[in-house]
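Asks: Next up is a structure, given as structure tokens.
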Amino acid sequence: MTHRYMPVFAITLLMVGLSCGVIGLLGNNDDLWRAGLFMTLTAVPLLIIRAVHNSQRVRDDQLIAADQAGYMRALDHVARGLLDVPTPRRGGHRDHVEHVAGNVITLRPLHEEQPERKAQ
């Protein structure tokens, strides 16, 4: 039953801690500032624990909805042509360089031809 009240408690603790910290800083009250800092640092792990707990409890209908949303997004991408092969480049000063293997471009192409080797 405590998991129902933990978010309310953590958010209240966070707001009170932040308020005390700001009032302590503005009023030069070190004890109030430290108490606000302690309350804020106490509330943050509670909020993280609650967020992790909620993310781990996924129901079947939520999984189905997420799967359907992904499927609809994929269909939308196919319909718009976003999954097609990109168009080749046009122009440019490196278009004459022959690609060696697939999409590999040599950084320093050799322009001089190697002498042909003959058996001795």
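Asks: Scan Leu46, Leu75 and give me the residue that is under 30 Å from Leu14 (Cβ atoms) and either assigned to a helix (DSSP H, G or I) or at pLDDT 75 or above (or both).
Replies: Unique residue meeting the criteria: Leu46.
Asks: Now for a different question. Considering only residues that are part of a helix (DSSP H, G or I) and surrounded by 10 or more Cβ atoms within 10 Å (Cβ to Cβ), which ones fall in segment 54-69?
Replies: Asn54, Gln62, Leu63, Ile64, Ala65, Ala66, Asp67, Gln68, Ala69
Asks: Read through the list (1) modelled with pLDDT under 65; (2) assigned to a helix (DSSP H, G or I), then give the number of the only condition that Ile11 fails.
Replies: (1)
Asks: Here is a list: Arg90, Arg34, Arg108. Which entry is assigned to a helix (DSSP H, G or I), basic (Lys, Arg) and either modelled with pLDDT of 90 or more or exposed (fewer than 10 other Cβ atoms within 10 Å of the Cβ) (or both)?
Replies: Of Arg90, Arg34, Arg108, the one residue that is assigned to a helix (DSSP H, G or I), basic (Lys, Arg) and either modelled with pLDDT of 90 or more or exposed (fewer than 10 other Cβ atoms within 10 Å of the Cβ) (or both) is Arg34.
The values are calculated or read from the model by the stated rules, or taken from the named source; none is laboratory data. Given the structure is predicted, the values throughout are model-derived calculations rather than measurements. In this analysis, Cβ positions are derived from the backbone assuming ideal geometry, glycine residues included, and neighbour counts consider all displayed protein chains.
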